[in-house]
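Asks: Once you've had a glance at the structure underneath, I'll fire off some questions.
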Amino acid sequence: MNAQQSLIEMGITPEVAQRALQQTNGNLEAAVNYIFSGEVSDDQPLNQPQSAPMPGFAPGSLSGVMTNQIDDDEDDDSSSSERELSPPLPSRDSPGFSGMSEGVEIEIQSPKKSLVTDPTVVIPLPHSLFENYFALFSLSMCQYLPHLMAKPELGDLMYNPKWAQGSSDPSTSFIQQLQRLCSVVNASFSDRCYVSAKLFAAVLDAPLKRKLAEAEHLHEVLPSFIRSLIHALEECGCYAEDQIRSLFVSSALSSEGKSLLSVLQFMPEEYESSLYAMFNALLYPELEEGEESGNSLLDLAPVLTIVFDEMDADTEVTSNRGVDVPLEFYPQLYTKSVKDAIVRPLQQQRKAAQERSRQVLAEMNGLKSYQGKDTLKFINSTLDYLQRDNQSKEIIDKLESLKNSIADHKTQRKNEYKELSQKLHGEWNLSHPTYLINEAMERGLIDEPYLLAMVVLSPGHYLQRSRSGQWKMIRTDSNMIRISDCAPSQVQATIRQHTTFPSKTPLMLLYVKSSHVPVDTIVSKSLESNEGITNFLRIDQEELNKE
């Protein structure tokens with residue numbers, strides 16, 4: 001919902017709302033001031049971005065995401081490196097590839113990194129859209145859960161000099177590929193520049209391959225891949241009961257009962273001003289009617305996967321300002337306990353404030369005019385007439401008193417309206433719920449944030465956060481890879497840019513709960529204690545040193 005619609009909700013006509021926003025460059029608070037005073041407030045800087053109001057709680061359901069159930073069983077880069085790949089990648093016309101900006105090119109004829117500090121990159125396969133997302137999901141898990149991936153002792157990982165290109169023995173398992181990738185992703189001295197998405201495409205099981213052939217959207221098949229990952233790890237028999245499953249599988253409550261899900265999915269038509277606003281429409285709609293039950297999240301997994309569907313032939317393309325995706329997200333706001341304790345009372349406050357705003361506006365309109373005539377103009381013209389003859393002093397005094405009384409009442413109503421508006425779009429704003437988060441944390445209902453770990457815009461364009469918090473933007477095109485440092489603000493700006501219009505490829509967000517991000521010492525110890533991983537890494541580095 002935009003600022004104009006917010007004003008309309010308060011009872012202001014569309015024409016007046018549009019004119020006020022034009023005069024104030026879209027500044028909502030300044031527009032309210034302009035409507036009632038005719039002046040642009042000096043203390044409101046123009047062009048200041050406003051927190052978008054929470055959209056109306058239009059009916060919504062979890063039906064879309066519940067199809068993803070788990071069965072009970074651009075920018076200024078501070079630094080960058082570019083390199084040519086050998087063998088070359090698919091052409092720049094291949095689906096899902098992003099255009100490259102011009103930069104200094106470093107041509108190399110080997111799979112070694114230009115800088116050893118660069119991350120190991122996953123390069124996509126042509127015509128394998130979903131498999132590419134599987135590989136990037138696996139890359140992020142190898143980065144954020146390597147201590148768990150390294151727990152199974154598989155012995156010999158069967159080194160093949162062409163393993164990074166996806167070449168493997170038919171007996172190679174899913175876990176072996178994960179441990180191979182873990183070894184180079186987490187080793188500070190590994191020179192391995194890239195691995196192919198074929199690494200995981202080659203080990204998909206038959207049921208998943210059948211589902212791939214039938215699926216039209218990523219959200220239809222990604223839960224099956226996650227289930228395969230869970231089963232592959234659980235089969236190793238070295239984890240506590242449900243330890244792995246609980247990492248990826250959340251539970252949710254809907255009118256149909258409790259369900260399990262590993263992926264939350266949104267259609268392009270469900271884009272809103274922020275990720276919180278999108279969750280609001282999905283999980284808060286019943287609050288408008290005051291129902292005591294409805295859509296809620298129950299047990300939240302530490303790994304949260306969100307997919308924005310790609311556009312299709314039926315997608316209604318609409319322009320907007322893009323989606324504001326937080327780097328620290330609090331999905332706990334959508335659990336039943338938080339909704340009952342904080343959100344429901346807050347929504348009642350919002351509803352009462354909106355109703356009072358409409359009443360105040362009606363009172364102001366009543367003070368402004370009577371029977372179609374401007375009240376103050378009528379009083380002023382009468383005073384001018386009486387004061388010219390210096391007669392009827394008693395009437396003049398009464399009119400002056402009435403004029404001042406009306407002005408005082410208008411000022412009081414205007415200030416009340418502005419205060420209500422500021423609360424609705426500030427501390428009571430559920431689309432940018434800073435106040436709500438702080439309140440929930442003070443009450444002990446929310447403990448810690450979920451950190452944005454990876455953003456996949458397309459198979460050839462993704463943003464990756466290191467465990468220490470450094471962001472990199474990775475772009476692949478033709479036979480080139482470009483790795484660029486990326487400020488957190490650039491991450492959010494890039495996402496907004498790519499959600500202004502529905503994308504031709506799915507957008508995948510991966511969040512990891514902050515307490516589940518391992519420190520480097522734990523990662524190093526877990527990898528070093530796995531003989532198969534250490535041997536594989538040593539042989540791989542020796543092979544790279546031959547280049």
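Asks: Give me MET454, MET141 ranked fewest to most by other Cβ atoms within 10 Å of their Cβ, as a rough exposure proxy.
Replies: With the fewest neighbours first, MET454, MET141 line up as MET454, MET141.
Asks: Averaged across orientations, what area in nm² does the convex hull of the alpha carbons in the range 348-443 project? Walk me through the intermediate numbers first.
Replies: Values: hull surface 34.1 nm².
With every direction weighted equally, the projected area is 8.5 nm².
Asks: Quick one: if you stick a label point 7 Å off each Cα along the C-beta vector at THR521 and GLN165, how many nm between them?
Replies: 4.2 nm
Asks: Now a separate question. Hey, what do the phi angles of the range 441-447 turn into as Karplus ³J(HN,Hα) couplings, whole Hz, using 6.51/-1.76/1.60 and θ = phi - 60°, x for Gly and Pro?
Replies: 5, 4, 8, x, 8, 10, 9
Asks: Considering the zone a paramagnetic label at CYS238 would reach in this model (a point 7 Å from Cα along the Cα-to-Cβ line), which residues of the range 107-150 have amide N under 12 Å from it?
Replies: Residues passing the 12 Å test: 147-150.
Asks: Would you work out if the range 175-243 is rounded, prolate or oblate? Take a ≥ b ≥ c from the square roots of the eigenvalues of the alpha-carbon gyration tensor; rounded if a/c is under 1.5, else prolate when a/b is larger than b/c, oblate otherwise.
Replies: Oblate.
Asks: I'd like the distance separating the alpha-carbon centroids of the range 482-543 and the range 212-237, in whole Å.
Replies: Measuring centre to centre over Cα atoms gives 20 Å.
Asks: Given labels modelled 7 Å from the Cα in the Cβ direction, how far is it in nm from HIS127 to GLU442?
Replies: 6.0 nm
Asks: To continue, here is another question. How would you classify the range 208-286 from its alpha-carbon gyration tensor, with a ≥ b ≥ c the square roots of the eigenvalues: rounded for a/c under 1.5, else prolate if a/b is greater than b/c, otherwise oblate?
Replies: The shape class here is oblate.
Asks: Quick one: Karplus J couplings for the range 496-512, per residue in order, coefficients 6.51, -1.76, 1.60, θ = phi - 60°, nearest Hz, x for Gly and Pro?
Replies: 4, 4, 7, 10, 5, 10, x, 7, 7, 10, x, 10, 10, 10, 10, 10, 10
Asks: Also: Using a ≥ b ≥ c from the Cα gyration tensor of the range 505-547 (square roots of the eigenvalues), is it rounded, prolate or oblate, where a/c under 1.5 gives rounded and otherwise the larger of a/b and b/c decides, a/b for prolate?
Replies: oblate
Asks: If you don't mind, another one. What number do you get for the range 405-506 when its Cα radius of gyration is normalised by 2.2 N^0.38 Å, N = residues?
Replies: 1.69
Asks: Take every Cα-Cα distance within the range 468-547, group them into 10 Å bins from 0 onward, and report for each bin the whole-number percent of pairs it holds.
Replies: 12, 25, 34, 22, 6
Asks: Could you calculate the contour length gain from ASP397 to VAL116, that is, 0.36 nm times the residue separation minus the distance between their Cα atoms, to one decimal place in nm? If you can, show how the numbers build up before the last one.
Replies: Details: separation 281, 0.36 × 281 = 101.16 nm, distance 8.52 nm.
Result for the pair: 92.6 nm of gain on full extension.
Asks: Once the Cβ-Cβ distance between SER337 and GLU419 is put in as r, and R0 is 41 Å, what FRET efficiency do you end up with, to the nearest 0.05? Please report the intermediate quantities before stating the final value.
Replies: Details: r = 31 Å, r/R0 = 0.75.
Calculated value: 0.85.
Asks: If R0 is 41 Å, what FRET efficiency do you get for ILE406 and ALA352 from their C-beta distance, rounded to 0.05?
Replies: The computed FRET efficiency comes out at 0.95.
Quick note: the coordinates plus some simple rules give every number you see, no bench work behind them. Predicted, not measured: the structure shown is a model, and the values here were computed from it. Here the Cβ is made from the backbone with ideal geometry for all residues, glycine too, and neighbour counts use every protein chain on show.
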